[in-house]
Amino acid sequence: MIPIGDDNPTLRFPLVTVLLLLGLAATWVLVQAAGFDPTALAASVCDWGMIPGEITRRARIGDGIPLGKGMACLVDGDPRNFLTPVTSMFLHGGWAHLLGN
């Protein structure tokens, strides 16, 4: 069962948790256009999402990583971005994904 509450009192306001939630929401709205623009959503996933084959150089240049119907990320020859494991944690695939987290 999903816990709705607990009996463990806290002494402080959960500031870090609130800041993370605000960061997730801001990323969804500002970077991913809140899902209203499929092109912006796909571009954000391709640019900031983690594609393991790009980091390990196992994916060949020109390979397509499918995102969904009619959309794919193309592997390019740009330098590796080692921040994508962190930035990908702030990306969401839709409203249900954001609200479910």
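Read-outs: derived from the displayed coordinates by stated rules, not from any lab. Being a predicted model, the structure only gives us computed values, none of them experimental.
Annotation: amide H-H contacts under 5 Å for Leu67 (H modelled 1.01 Å from N, sequence separation of 5 or more, or interchain): Ala72, Cys73. Relative to the longest principal axis of the Cα atoms of the chain, helix 15-26 runs at roughly 40 degrees. The structure-derived value of semi-axes √(5λ) of the Cα gyration tensor in Å appears in the list [x] 43, 13, 9; [y] 32, 16, 8; [z] 32, 16, 13 under the label [z].
Amide H contacts of Met50 (H built 1.01 Å from N, in plane; Pro and chain starts excluded): Ser88 sit under 5 Å, all sequence-distant by 5 or more or on other chains. Relative to the longest principal axis of the Cα atoms of the chain, the long axis of helix 38-48 lies at roughly 90 degrees. Its DSSP H runs of at least 4 residues, each contributing -39,500 (n - 2.57), put the calculated 222 nm mean residue ellipticity of the chain at -10000 deg cm²/dmol, to the nearest 500. Entry note, the range 16-100: relative contact order of 35 percent, from Cα contacts under 8 Å with a spacing of 6+ residues.
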